Amino acid sequence: MKTFYKIKSLIGYQQTDGVFRDYLMQLRDAEVIEINDGDIVGNNVSDDFYRRLAAVFGVQLDEDLNPIINIPEDSQ
């Protein structure tokens, strides 16, 4: 699982967790993303959802190409 903080940092999203959750629901309703059972638990996202959302935003999850994926977890 990854925190909302980590996925928001990865895609450059700077609003609150509540606004981010609403944004994800808007993307789901527009059929841009699919949210499966277990993809979002509290303020965490599954590793699979993390990869899928990164792909939607065009983020390459390769440590050599994109060092931002090493963002430390934050307890905010």
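The values are calculated or read from the model by the stated rules, or taken from the named source; none is laboratory data. Since the model is a prediction, treat every value here as computed from it, not as a measurement. So basically every Cβ, Gly included, is an ideal-geometry build from the backbone, and we count neighbours across all protein chains shown.
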Conditions first: (1) assigned to a loop (DSSP other than H, G, I, E, B); (2) at pLDDT below 95. Leu10 passes all but one, so which condition is the exception? (1)
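Scan region 2-20 for residues that are within 16 Å of Arg52 (Cβ to Cβ) and either among the aliphatic types (A, V, I, L, M) or touching a residue at least 12 places away in the same chain (Cβ under 8 Å) (or both) and report the count.
First, pick out the residues of region 2-20 that are within 16 Å of Arg52 (Cβ to Cβ): 2, 4, 6-8, 10-11, 13, 20.
Filter once more, keeping what is either among the aliphatic types (A, V, I, L, M) or touching a residue at least 12 places away in the same chain (Cβ under 8 Å) (or both): 2, 4, 6-8, 10-11, 20.
Number of matching residues: 8.
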When you scan region 1-22, how many residues do you find that are under 12 Å from Phe57 (Cβ atoms) and among the aromatic types (Phe, Trp, Tyr)? 1
Which condition breaks for Leu61 when tested against (1) among the hydrophobic types (A, V, I, L, M, F, W, C); (2) modelled with pLDDT of 85 or more; (3) in a loop (DSSP other than H, G, I, E, B)? (2)
Starting from region 43-66, take each residue that is closer than 22 Å to Val19 by Cβ and surrounded by 13 or more Cβ atoms within 10 Å (Cβ to Cβ) and list its partners that are at pLDDT 90 or above and among the charged types (D, E, K, R), counting only C-beta distances under 6 angstrom and pairs at least six apart or across chains. Asn43/Asp17; Val45/Lys2; Ser46/Asp39; Phe49/Asp39; Tyr50/Lys2
Residue among Asp29, Asp37, Asp48, Asp22 that alone is of a type outside the set (Gly, Ala, Ser), more than 14 Å from Tyr5 (Cα to Cα) and in contact with an Asp or Glu (Cβ under 9 Å, 6 or more places away or on another chain): Asp48
